[in-house]
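Quick notes on the structure that follows.
Readers should treat all values here as calculations from the given coordinates under stated rules, not as data from a laboratory. Note that this is a predicted model, so its numbers are computed, not measured. Glycine gets a Cβ as well: all are built from the backbone with ideal geometry, and neighbour counts include every protein chain shown.
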């Protein structure tokens with residue numbers, strides 16, 4: 001967390017602007033939906049934005065990486081195992097999306 005006054009003119013992304021294309025979910029949003037992470041929804045904006053920052057900088061986060069990055073985001077419902085699984089799934093989705101397409105070239 002930081003006061004808005006410290007941001008200055010830096011770009012800020014909110015959960016509403018996380019997906020670059022309104023028709024395609026961000027990998028974290030996709031993983032959250034696939035794994036049915038949200039229960040009450042109270043903490044989800046913070047959880048999702050922290051996870052998105054982690055996945056953007058770490059393509060294969062470990063449990064320790066996830067714990068450190070998500071520290072400070074409290075879930076009243078205790079869905080931490082689903083959150084951790086979703087972060088790993090989001091990283092997998094992001095890696096797959098960045099992988100170059102494999103084109104089969106016929107021999108002959």
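Side notes on the structure shown:
- Helix 44-57 vs. the chain, principal-axis angle (Cα, 0 to 90°, nearest 10): 50 degrees
- Residues residue 95 and residue 4, FRET efficiency given R0 of 22 Å [Cβ-Cβ distance, rounded to 0.05]: 0.10
- The Cα center of segment 8-28 and the Cα center of segment 29-46 differ in position by 16 Å.
- When you restrict to C-alpha pairs under 8 Å that are six or more residues apart and normalise by the size of segment 44-96, the relative contact order lands at 49 percent.
- Relative contact order (percent, whole number), segment 1-98, Cα cutoff 8 Å, 6+ residue spacing: 36 percent
- Residue among 97, 85, 51 with the largest mean-square fluctuation in a Gaussian network model of the chain, springs linking Cα atoms under 10 Å: 97
- Estimated FRET transfer efficiency (residue 16, residue 63; beta-carbon r; R0 22 Å; 0.05): 0.15
- GNM remark for the chain: springs join alpha carbons under 10 Å apart, and the peak mean-square fluctuation among 11, 23, 98 falls on 11.
- Cα-based helix-to-principal-axis angle, 80-98 vs the chain, degrees rounded to 10: 40 degrees
- The calculated pair-distance distribution of the chain uses every alpha carbon pair, bins of 10 angstrom beginning at 0, and gives 13, 42, 29, 10, 4, 2, 0 percent.
- Residue of 47, 30, 39 that the Gaussian network model of the chain assigns the largest fluctuation, springs spanning Cα pairs under 10 Å: 39
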